[in-house]
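For reference, the structure discussed in these notes is given below.
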Amino acid sequence: MTKKYKIFVLVLGFLIIISLLLAWSKIFGRYSSKNFSGGNLAAPEFMNAQEKKQFQVPSELKAQIINRNESGNITVYKIINTDADVVLDPNNIPSISPRSPRSVVPAK
């Protein structure tokens, strides 16, 4: 084998490995297209005891703050029953149907 051929095979093998890793992460990765909408992601914020009392949310429930106004007051929150209920991208919340349980609540 010539030197050029060896280099070609090594570069081709490297590109194939990189392509396979990218495909694997796209299919099974944490930020696959099934879970990531490309919006502004932030760490989920949850209500503290004082905020729960203000909105009359029972203290044993977990409530995620979805939106705040310019003054920092809560405008929308969501009751979290399971970890799957946590909203990672507030821009990607499905609309509420009158026939579905209302877990996203506009603040008063």
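Observations on the structure shown:
- Only a single item in (1) modelled with pLDDT of 90 or more; (2) part of a loop (DSSP other than H, G, I, E, B) is not met by Phe36, and it is number (1).
- Tabulated pairs, region 1-22, first loosely packed, with under 10 Cβ neighbours inside 10 Å, second not in a helix (DSSP H, G or I), C-beta under 6 angstrom, 6+ apart or interchain: none
- Count of residues meeting criterion [modelled with pLDDT under 90, aliphatic (A, V, I, L, M) and surrounded by fewer than 16 Cβ atoms within 10 Å (Cβ to Cβ)] in region 39-84: 4
The values are calculated or read from the model by the stated rules, or taken from the named source; none is laboratory data. Since this is a predicted model, take the numbers as computed values, not measurements. Cβ sites come from the backbone with ideal geometry, for glycine too, and all protein chains shown count toward neighbours.
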